[in-house]
Amino acid sequence: ASAVAFVPLAWLLVARAPLGVAAKQFLVAAVTLFAVVGTDWATEPSFIQWANTLPDNATGNTLRWVADHLRIFPNAGEGLIQQVKHNFRGHGSYSLGEWHPRAVWYYFPVVLSAKLPEPLLVLTAGLLVLRPKRWLNPAGLIAVAYLLFSLSCRVQLGVRLVFPLVAMLNLAAVVAVARPTGWPARGESMIGSRSRREQALLAAFVALTALTSLLSWPHGLRFANHLWGGRERAAEVLTDSNYDWGQGLPELRQWYDGTRPLRLWYYGTDPACLLPPFELVQVNQIPNPSVDEVQRRTAGGYFAVGESFFTACPDRRPGTLAVINWLKGQIPAAVVGTFRVYVLPPP
């Protein structure tokens, strides 16, 4: 899910341009993309290799000449191809307390229902029931198209992959309240005249949304609305970038009392995990992980484990899963941010 898919969808719905104009716009966009993304102005070896396999005829000779002389930036094309291949391959995902080895169609609807703030959900539901024609403005149509497109997305790593959808939902709700007629005429402002009642509703919506953000600070990444139990239950519903990217290291450092070593099974990329007082014990990187091996490496100290390892550990080897199940059976000495902290006896 990216601008490669979102921008054409939005354009097709709202641009309303003649076909000839559309073709020129897409051509300019494609030429600009391939001209800007890259640095080498070199020939493409894989294109040359493929062209050399063609028969010795007019078509083959023409393509060989093109391959030998065409100097474009391949970076954009490689990026697009890799993105399409990534989405076709997909990978496992976690939602509603269950690990799925393959992508599931309902992932993004569930993510959105849990991660969107209550004011937006209530306003959108109210408008769809009471003023459905108002909500079907350009932003609302784009939001619907994005939601339908998300059902086919197989890279399911959090609401961040459909942020354009979230932006359009907010815009659709605001426009539906602010503009009674829905679609603006060409050249007319999207926001029409508003009554005092509509102004009050918009102000309340903005204020409540801001309040939701304020109350979530500084744990916005772990946010889940109260329909799903709030932050306390967020890890049961969703994980990975919706809950734990290892952002709890500062809290863990502040909590640490220095009485024993602090070993860390860390879900994140903050280089601070390599510095004292932390000692990395990445169970998913141990060649032959086992409960005995983990006990040996963490004996006599604290063992802080990132919450995402309990729900969506990408290492599905039996040994790693046995360690996770063993830890689930232990009672943590503390829960600090996104970490469960265990006290393991000395050897």
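Only four residue types carry charge here, +1 at the Cβ of Lys and Arg and -1 at the Cβ of Asp and Glu. Report the dipole size of the stretch 1-87 about the Cα centre in Debye, rounded to the nearest 20. Walk me through the intermediate numbers first.
Details: 5 positive and 5 negative charges, 75 e Å.
Magnitude of the dipole: close to 360 debye.
Rounded, prolate or oblate: which one fits the stretch 1-41, using the alpha carbon gyration tensor with axes a ≥ b ≥ c (rounded when a/c is under 1.5, else prolate when a/b beats b/c, else oblate)?
oblate
Could you work out Rg/(2.2 N^0.38 Å) for the chain, with Rg from alpha carbons only? Intermediate values should be presented prior to the final figure.
Details: Rg = 26.0 Å, N = 347, 2.2 N^0.38 = 20.3 Å.
For the chain, the normalised Cα radius of gyration comes out at 1.28.
Which FRET efficiency value, to the nearest 0.05, do you get for Leu274 and Trp65 by plugging their Cβ-Cβ distance into 1/(1 + (r/R0)^6) with R0 = 45 Å?
Working: r = 53 Å, r/R0 = 1.17.
The computed FRET efficiency comes out at 0.30.
Express the accessible area of the chain per residue in Å², computed with a 1.4 Å probe while the remaining protein chains stay in the model. Write down the numbers at each step before the final one.
Numbers: 19210 Å² over 347 residues.
Result: 55 Å² of accessible area for each residue.
Along the charge dipole of the chain, which of Leu80, Leu19, Val336 sits closest to the positive end, that is, farthest toward it, with unit charges on the beta carbon of Lys, Arg, Asp and Glu (+1, +1, -1, -1)?
Farthest along the dipole direction, towards plus: Leu19.
Which whole-number percent is the relative contact order of the chain (Cα, under 8 Å, 6+ apart)?
Working: 453 pairs, mean separation 48.2, N = 347.
Across the chain, relative contact order equals 14 percent.
Distance between the C-alpha centers of the stretch 1-33 and the stretch 271-347? Whole Å please.
Result: 48 Å between the Cα centres.
Let me check against my output: what whole-number percent is the relative contact order of the stretch 42-169, with C-alpha pairs under 8 Å and at least 6 apart? Please report the intermediate quantities before stating the final value.
Numbers: 101 pairs, mean separation 31.5, N = 128.
Dividing the mean separation by the residue count of the stretch 42-169 yields 25 percent.
I need the peptides 287-300, 117-130, 22-35, 141-154 ranked by packing, meaning the mean over residues of other C-beta atoms within 10 angstrom, with the highest value on top. Kindly include the intermediate steps, with their values, before the conclusion.
Details: 287-300: 14.4, 117-130: 16.0, 22-35: 12.4, 141-154: 17.8.
Averaged packing, sorted descending, gives the order 141-154, 117-130, 287-300, 22-35.
How many percent of the accessible area of the chain is carbon or sulfur, using a 1.4 Å probe? Walk me through the numbers on the way to the answer.
Numbers: 12470 of 19210 Å².
In the chain, the share of accessible area belonging to carbon and sulfur is 65 percent.
I'd like the antiparallel share, as a percent to the nearest 5, of DSSP beta bridges with both residues in the chain.
On the way: 11 of 18 bridges.
Percent antiparallel among DSSP bridges in the chain is about 60.
Please work out whether the stretch 278-333 counts as rounded, prolate or oblate from its C-alpha gyration tensor, where a ≥ b ≥ c are the square roots of the eigenvalues and a/c under 1.5 means rounded, while otherwise a/b larger than b/c means prolate and anything else oblate? Don't skip to the end; give the middle numbers.
Numbers: a/c = 1.41, a/b = 1.17, b/c = 1.21.
Rounded.
Taking R0 as 51 Å, what's the FRET efficiency between Ile48 and Arg317 from their Cβ-Cβ distance, rounded to 0.05? Intermediate values should be presented prior to the final figure.
Details: r = 41 Å, r/R0 = 0.81.
E between Ile48 and Arg317, to the nearest 0.05, is 0.80.
Once you charge only the Cβ atoms, +1 for Lys and Arg and -1 for Asp and Glu, what is the size of the charge dipole of the chain about its Cα centre, to the nearest 20 debye?
Working: 30 positive and 21 negative charges, 225 e Å.
The dipole of the chain has a size of about 1080 debye.
The values are calculated or read from the model by the stated rules, or taken from the named source; none is laboratory data. Just so we're clear, the structure is a prediction, and the values are computed from it rather than from any experiment. Glycine also receives a Cβ, built like all others from the backbone with ideal geometry; neighbour counts cover every protein chain displayed. Note: accessible area is taken over every heavy atom of the protein model, side chains too, but ligands, DNA and RNA are not part of it. Shrake-Rupley method; radii C 1.70, N 1.55, O 1.52, S 1.80 Å.
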